[in-house]
1. I need the full set of residues from segment 323-367 which are farther than 11 Å from residue 380 by Cβ, without any contact (Cβ under 8 Å) to a residue 60 or more places away in the chain and in contact with a helix residue (DSSP H, G or I) (Cβ under 8 Å, 6 or more places away or on another chain), in order please.
2. Here are 283, 297: which of them is part of a helix (DSSP H, G or I), in contact (Cβ under 8 Å) with a residue 40 or more places away in the chain and on the phi < 0 side of the Ramachandran plot?
3. Within segment 83-92, can one find any residue that is at pLDDT below 95 and in contact with a helix residue (DSSP H, G or I) (Cβ under 9 Å, 6 or more places away or on another chain)?
4. Go through (1) closer than 30 Å to residue 347 by Cβ; (2) crowded, with 19+ Cβ neighbours inside 10 Å one by one and return the number of the condition residue 444 breaks.
5. Quick check on residue 34: is it assigned to a strand (DSSP E or B), surrounded by 19 or more Cβ atoms within 10 Å (Cβ to Cβ), in the same structural domain as residue 152 (by TED's automatic domain parsing) and modelled with pLDDT under 95?
6. Quick check, is residue 441 at pLDDT below 95 and more than 23 Å from residue 287 (Cα to Cα)?
7. Let me confirm something: among 250, 303, which residue is surrounded by 21 or more Cβ atoms within 10 Å (Cβ to Cβ), at pLDDT below 90 and either under 30 Å from residue 51 (Cβ atoms) or assigned by TED's automatic domain parsing to the domain that holds residue 461 (or both)?
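The values are calculated or read from the model by the stated rules, or taken from the named source; none is laboratory data. Small disclaimer: the values here were computed from a predicted structure and weren't measured. Using ideal geometry, Cβ is built from the backbone for each residue, glycine included, and neighbour counts are taken over all protein chains shown.
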């Protein structure tokens, strides 16, 4: 195994420096400074010590958190420790509040709870120990000291990590690693370091006896910028692992699941029952699982690594990600077709250079005869309720995954496909008929594909009530024409996945156009303003995240009265960059005025140095759709 460093380390990493705890004055917080900057608390000290003794992983946690405001007291007084009681032992040495006058308070027994993370009893091994700390007020310090002893699921291996930044500032932090002395750094273990902030002064020390130390002082909080990447992509972090290959991880998990996925009698009977009703496809089986099995939101590993038998999941009608995926694979196998379990990370992505059990999610995969979007696999996520068969949620796209047990023995480390913009298409057409009094009758149609299809099905099937849907429609037509009256709306069949999501509605509105002198009228084009209103910055720290690759098209057509002509149309506006294309255009076709907005996102992020140009375009876009169209009677 080799050491991998993926960062600009520069001179901020100091090798061979002795481990010295700085004096208290080095990390005593200047409360006024942090309060003035708007922070409710500050970490005085954060220390994590990791020990691998060849049989167990031992983690010591020690921290001091200073509360600066009343809001901070409300936010931080409740402390939680999450663990799994089946293979982790939690030992709390002390939890206490140190008040400004030095008074030390410990929580009473009735202020300490040890409860399951979720309500479903079969997962009550996933626990949270909750401490409601007494006497927390501004300038109090919450001190915690505890140990977790873990049996790592892959025998003889270890992994761990540490994140060097948080939502509040950190005055001093240390990450200590102890491994057996015969493990040689840079040879027998892997190290992946990523620095989100190059200037962050992380000091690294190696002592030649299996002890390694990282220290950092005066670490700023994660900068909050609108549209910044998620924290796991930008924070400085270190990760370690002794696992030699992805094959090792695949072989371990395959040993846990290979018998579980074999169809039991109950599974065969359920598939036979579904096939009696109609000719059943793989899509039907997938949609039966995503619709009927309630998803219990537990990160992979917290609820265990071995799935429950599919017959149990079928009986309970609920399960976490691995249980839903296992049921799906078993049902497909009962149809005498091939399907496999897949490990994936739904949050951040795993690093291909560092084999580790860093997955937090499980899905399924079906082999394809021909490559689709660059992949030989069709991936299926049963936790994505209302997601059309074959569509992969954006959080699962472009991720490194491990497919286990292919052909009974192979474990494939590959990437999920990344869909092009045209796959995720949202098309809106608004058609208005204008009469000489300025009143209009209008019709709107939405069509959604890919991830837009999934999101809109979810909103209209799972989130909005019938009354809320109608209220939404009324507000929507009012945004097109103030005072508009909704006449009718119709949604496509939300359970029919063979056709895209559609919405059609009709409305009427008085005085959509207003008089503009004698024999003329003016009205705003029926185009939506930009959803974002951003502000230019002298300096931006992070890229701006646009979302997923997509294509949005909005067409606004206005049929003007016979005998009228156009006096003024707004100018066309375009922006074309490598990360995407945006355009607003207007033209006349006989009596019809057509406005069109097209937004094509090719890459999800705008580089920080292009941010202000994007903001300027949005400002032009917003002003453009506010400009009136002027028509006059010929």
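1. 323, 337, 338, 346
2. Within the list 283, 297, the selection yields 283.
3. No - not one qualifying residue is present in segment 83-92.
4. All conditions are met except number (1).
5. Against the criterion (assigned to a strand (DSSP E or B), surrounded by 19 or more Cβ atoms within 10 Å (Cβ to Cβ), in the same structural domain as residue 152 (by TED's automatic domain parsing) and modelled with pLDDT under 95), residue 34 does not qualify.
6. No, not satisfied.
7. Matching residue, one of 250, 303: 303.
Okay, residues lined up against (1) farther than 30 Å from residue 560 by Cβ; (2) surrounded by fewer than 19 Cβ atoms within 10 Å (Cβ to Cβ); (3) not assigned by TED's automatic domain parsing to the domain that holds residue 375:
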site	(1), (2), (3)
400	yes, yes, no
404	yes, no, no
409	yes, yes, no
414	yes, yes, no
426	no, no, yes
430	no, no, yes
434	no, no, yes
437	no, yes, yes
440	no, no, yes
